[in-house]
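J.: Right, I'll just put the structure down here and ask away after.
Throughout, read-outs are computed from the coordinates displayed, never taken from laboratory work. As the structure is a computational prediction, the values presented were derived from the model and not from experiment. Cβ coordinates were reconstructed from backbone atoms using ideal geometry, including for glycine residues, and neighbour counts include every protein chain displayed.
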Amino acid sequence: MQFTTTDAAPTAVDTDCLIAGLSEDGLSGHLAEIDRASDGLLSRLHESGDLPAKAGQTVMLHAVPGIQADRLLIVGLGKTEKFDGVAFDKAVKAAGKALRQSRAKSAHCLLADADVADRGNDWKLRQAGIALVYADYIYSATKQPKDDAPPATETVSFPGGDGAAQQLSLASAIAAGVRRARDLADLPPNICTPAYLAETAEKMAAEHAKLEVEILEEDTMRSLGMNALMAVAEGSANRPRLIRLSWKGGASGDAPLAMVGKGVTFDTGGISIKPRDLMEQMKFDMGGAAATIGAIEAVARLGLPMNVEGVVAAVENMPDGKAYRPGDVITAMNGKTIEVHNTDAEGRMILADALSWTGQKLKPQTTVDMATLTGACVVALGHHASAVMTQDDELAEELLTAGQRSADRTWRLPLWDDYQEQIESPFADMKNIGGMPAGSITAGCFLSRFAEGQRWAHIDCAGSAWQWGKPESGTGRPVGMLVDWLVHRAGGWDALD
Ligand code: BES
Ligand code: MN
Ligand code: ZN
């Protein structure tokens, strides 16, 4: 999807589809103009209740008199006082979905002209661009679209000049990162293996001069003492990889920001095998890895002036004669011993070593790990927010604010020492599960023991990384939040050119 800008009046734009928003307050702004141009057609439709006003509803009108556009797509914005960043994002996605279902190949989008609480023009343009690309996504890697399927939207124009064009080019960069993460999450586990994730990283590095890649194979990981990661990998014929993508956008000595992603390309649970229902969904257990890779993609396209590292621990968790078992005691890379109580708590095992390695080798100023780590996180927060856990209040604030700003929300769970005793073991320094109470937090407590000395936060995206139904798909979350956070650490949107 290409973005362009034009200063033509909405009624004069020659396009397949004009997109405008209607709040519950009635026809105003552009819609009032179009109403006049069409001799009151919109007022009549509004009075007869044929225009949408409820948030997210859409109506497609054809052959509206007085405008150059072939179609007019009206999307309901809901109540003005409730129209915040998240509502805006939802409205644009609803419009984008209707646009994709139509046969329009071009569109002119007026939605960024709506008033959104606490949001400026630049933000609205960026978010509209990101949301339109999001809504245009149709999975096609292993399923060909039908011949009569509606075509993708090729170009979308917005009112504005160079400033708007600049924001839309930022939007394209971020949207490409989100798209990358969705593609990876959607791919089936027989295609998206640890080796496939490594190849993806290699291809990305080949496309950007300042992006470097390093892949660790099992011999190296074993010699580094990554026994916790290797224990999970042992049961699978798809051998593990530790993938490092380094974006060298800053000065050579500057400590990087590091992201670490859980890349379990399929999670059967291992010997503690999962029930059969919905097991196929566990292909998205590399959602944290996908977000890490997607965020790096966006960072490279934005040309962020700072050093950023993306580390992915890629393994498959299978039951097998060689698989690790409940009762095993494993010595992790940092020397700590772990008693395995449940082989389905595998994400924290691989992240343990990935976090130790990241701290030792990359010496980051801040480390954030992303993982579809616990079902308990889905129970706690559902699908609307990713959970943030950290002992660093300032870092928590940074990630909560980034989530708020990017409409890719995060919510904090406590990581108090009080929870640590749930993972004590008589046979090792810790066990890998903490029982039923606070399952997401005890997983965070486990990880904290491998991030000692680092400025670190853990993000559980088990609920946010997957869209359940209509259609089922990866969401690319929390790429939007991560990119916003990274951009602010690099000096903010205005510092990008
Ligand atoms: N990948 C799962 C967590 C998950 C579940 C993500 C559902 C998304 C949707 C993780 O590896 C897992 O199996 N966690 C266990 C932990 C338990 C054994 C302590 C869980 O949540 O049941
Ligand atoms: Mn598991
Ligand atoms: Zn898992």
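J.: If a paramagnetic tag sat 7 Å from the Cα of GLN101 along the Cα-Cβ line, which residues of region 23-60 would have the backbone N under 16 Å from that point?
T.: Of the residues in region 23-60, 51-60 have backbone N under 16 Å from the label point off GLN101.
J.: Considering only DSSP beta bridges whose two residues both sit in the chain, what percent are antiparallel, to the nearest 5?
T.: Antiparallel bridges make up about 40 percent of those DSSP assigns within the chain.
J.: Suppose we keep just the alpha-carbon trace of the chain; what are its Rg and Dmax in angstrom?
T.: Cα-based Rg and Dmax for the chain come out at 23.9, 81 Å.
J.: So what's the net charge close to ASP219: Lys and Arg +1, Asp and Glu -1, counting the other residues with Cβ under 13 Å from its Cβ?
T.: That sum, taken over residues with Cβ under 13 Å, equals +1.
J.: Below 8 Å between Cα atoms, with a sequence gap of 6+, how large is the relative contact order for region 400-497 in percent?
T.: 28 percent
J.: A follow-up question, please. Hey, fewest Cβ within 10 Å first, where do ILE271, ILE130, ILE243 land in order?
T.: Fewest-to-most ranking of ILE271, ILE130, ILE243: ILE271, ILE243, ILE130.
J.: Right, another one. Tell me which of GLY435, ASN227, SER23 sits at the most positive position along the dipole axis of the chain, charges placed on C-beta atoms (Lys, Arg +1; Asp, Glu -1).
T.: Checked the options; the winner is ASN227.
J.: For region 436-493, which chymotrypsin sites (Phe, Trp or Tyr not before Pro) are in a loop by DSSP, counting at most 16 other Cβ atoms within 10 Å? Show your work: numbers first, answer last.
T.: Working: sites: PHE446, PHE450, TRP456, TRP466, TRP468, TRP485, TRP493; in loops: PHE450, TRP468.
Qualifying residues, ordered by number: TRP468.
J.: Same structure, new question: Residue separation times 0.36 nm, minus the C-alpha to C-alpha distance between ALA237 and GLU47: what's the value?
T.: Value of the extension gain: 62.0 nm.
J.: Between ALA152 and ALA8, take the C-beta separation as r, use R0 = 22 Å, and let me know the FRET efficiency to the nearest 0.05. Walk me through the intermediate numbers first.
T.: Numbers: r = 24 Å, r/R0 = 1.08.
Taking R0 as 22 Å, the efficiency between ALA152 and ALA8 is 0.40.
J.: Which loop-located trypsin sites (Lys or Arg not before Pro) does region 5-77 contain, where loop means any DSSP state but H, G, I, E or B and the Cβ has at most 16 other Cβ atoms within 10 Å?
T.: In loop regions of region 5-77 (DSSP not H, G, I, E or B), the sparsely surrounded trypsin sites (Lys or Arg not before Pro) are LYS54.
J.: Another one. How high is the relative contact order of the chain? Use alpha-carbon pairs under 8 Å, at least six apart in sequence, and give a whole percent.
T.: 14 percent
J.: Cβ under 14 Å from TYR196's Cβ, TYR196 left aside: what net charge do those residues give with Lys, Arg +1 and Asp, Glu -1?
T.: In short, 0.
J.: Here is a follow-up. Which entries in the list LYS82/LYS124; LYS203/LYS470; LYS54/LYS146; LYS79/LYS105 go over 26 Å, if you measure between the two C-alpha atoms of each?
T.: LYS203/LYS470; LYS54/LYS146; LYS79/LYS105
J.: Something else about it: At most 16 other Cβ atoms within 10 Å and a DSSP loop assignment: could you name the GluC sites (Glu not before Pro) in region 365-453 that fit?
T.: Here the GluC sites (Glu not before Pro) that fit, given the DSSP loop and packing criteria, are GLU424, GLU452.
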